[in-house]
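*Asks:* What follows is a structure written as structure tokens; I'll ask about it next.
The values are calculated or read from the model by the stated rules, or taken from the named source; none is laboratory data. Note that the structure is predicted; figures quoted are calculated from it, not measured. Don't worry about glycine lacking a Cβ; one is built from the backbone with ideal geometry, like all the others, and counts go over all protein chains shown. Protein only, heavy atoms only, side chains kept; ligands, DNA and RNA dropped before computing areas. Shrake-Rupley method; radii C 1.70, N 1.55, O 1.52, S 1.80 Å.
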Amino acid sequence: MHRSLIPVFALSLAVGCGSGDDSTDSGSDTDTGPTVSLELTVGHFLFTDGIEGLETCVMNTDNCTVTDAGGLAVLAVAADTDIGVTIEGEGYTPTLLPYRTTSDDLVVEIFLAPLETMELMFSDMALDLSKGQVMITLNNGEGYTAIIESGEEVYYWNDLSTAIDVDGTSTSASGRFSALNVTADPVTVSLTGPGTCTPRDRYWSSGPNEAVVPTLPGFFSGVTMNCE
């Protein structure tokens with residue numbers, strides 16, 4: 001599996017075979033309907049080792065747990081709905097990921113970078129960590145431009161590098177871009193380019209060439225989209 005050096009951009013997802021048992025006691029939630037299991041494994045973006053001790057929560061709830069020695073967190077989450085999942089811990093990039101649950105269990109693996117790495121990457125761009133940051137990867141996504149509904153400026157990445165091209169006007173072969181200091185929640189990202197991009201299965205619902213992404217102050221939100 002290829003991993004980007006940008007955290008939350010490279011997210012591999014496999015759907016489990018569970019049938020949606022609501023007996024899991026990994027956290028409390030206000031939803032009393034059917035639940036499914038979310039199994040989230042968090043690794044370091046360079047070494048792939050699991051990261052222990054990260055608090056993992058369903059956004060805006062007290063449904064939380066902590067990653068174990070292998071980086072695994074298991075939560076019972078509402079079935080057939082859009083949820084946000086936050087991941088945070090000392091020294092690591094606070095991350096917010098959107099998932100669309102079904103009646104099946106969900107198995108996800110992601111990789112995080114140290115927060116100081118992110119701050120270094122954006123050191124010339126007035127990164128405001130009191131606001132949300134949106135980061136998106138387009139598979140096969142060269143030559144796309146993005147519009148963020150709330151007007152924040154979009155930055156693009158150079159090929160085969162984590163360097164940010166502040167003068168870029170569209171995605172390169174890396175297919176990566178970000179919108180910094182976002183104030184809207186959720187934010188809608190609209191794309192124009194040579195083909196059609198759709199969010200990967202299990203992300204929040206949206207139309208072609210459009211992604212709907214939740215944001216939280218201080219968190220980096222991200223999705224991956226497949227382009228054809």
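*Asks:* Across 10 Å bins from the origin, how do the percents of Cα pairs in region 166-210 run, short distances first?
*Replies:* Calculated P(r), rounded to whole percents: 19, 53, 27, 1.
*Asks:* Right, something else. How about region 27-95: which chymotrypsin sites (Phe, Trp or Tyr not before Pro) there are in a DSSP loop, with at most 15 other Cβ atoms within 10 Å of their Cβ?
*Replies:* Hits after loop and neighbour filter: Phe47.
*Asks:* Could I ask something else about it? Can you give the FRET efficiency for Asp185 and Glu90, using 1/(1 + (r/R0)^6), R0 = 30 Å, r = Cβ-Cβ distance, to the nearest 0.05?
*Replies:* After rounding, the FRET efficiency stands at 0.75.
*Asks:* Cβ under 11 Å from Asn158's Cβ, Asn158 left aside: what net charge do those residues give with Lys, Arg +1 and Asp, Glu -1?
*Replies:* -2
*Asks:* Using a 1.4 Å probe on the protein heavy atoms, what percent of the accessible area of region 95-227 belongs to carbon and sulfur?
*Replies:* Reported share for carbon and sulfur atoms: 47 percent.
*Asks:* Can I ask one more? Using DSSP to define loop residues, name the GluC sites (Glu not before Pro) in region 46-101 whose beta-carbon has at most 10 other beta-carbon atoms within 10 Å.
*Replies:* Glu90
*Asks:* Tally Lys and Arg at +1 and Asp and Glu at -1 over the other residues with C-beta under 10 Å from the C-beta of Thr102: what net charge comes out?
*Replies:* Around Thr102, the charge tally is -2.
*Asks:* What spacing in nm lies between the two simple spin-label points modelled at Val66 and Asp201, each 7 Å away from Cα in the Cβ direction?
*Replies:* Computed distance between label sites Val66 and Asp201 equals 3.5 nm.
*Asks:* While we're looking at this one, here's another question. Points 7 angstrom from Cα along the Cβ direction at Asp82 and Asn158: gap in nanometres?
*Replies:* In this crude spin-label approximation the distance works out to 3.6 nm.
*Asks:* Express the accessible area of region 99-201 per residue in Å², computed with a 1.4 Å probe while the remaining protein chains stay in the model.
*Replies:* Per-residue accessible area for region 99-201 comes out at 44 Å².
*Asks:* Next question, about the same structure. Do any GluC sites (Glu not before Pro) in region 101-148 lie in a DSSP loop with no more than 16 other beta carbon atoms within 10 Å, and if so, which?
*Replies:* When the GluC sites (Glu not before Pro) of region 101-148 are filtered for loop state and at most 16 Cβ neighbours within 10 Å, Glu142 remain.
*Asks:* Quick one: which of 149-158, 69-78, 216-225 comes out on top by average Cβ neighbours within 10 Å, and what's the full order, highest first?
*Replies:* So the order, starting with the most tightly packed, is 216-225, 69-78, 149-158.
*Asks:* Sticking with this one: Quick one: work out the % antiparallel among DSSP beta bridges in region 39-165, nearest 5.
*Replies:* 75
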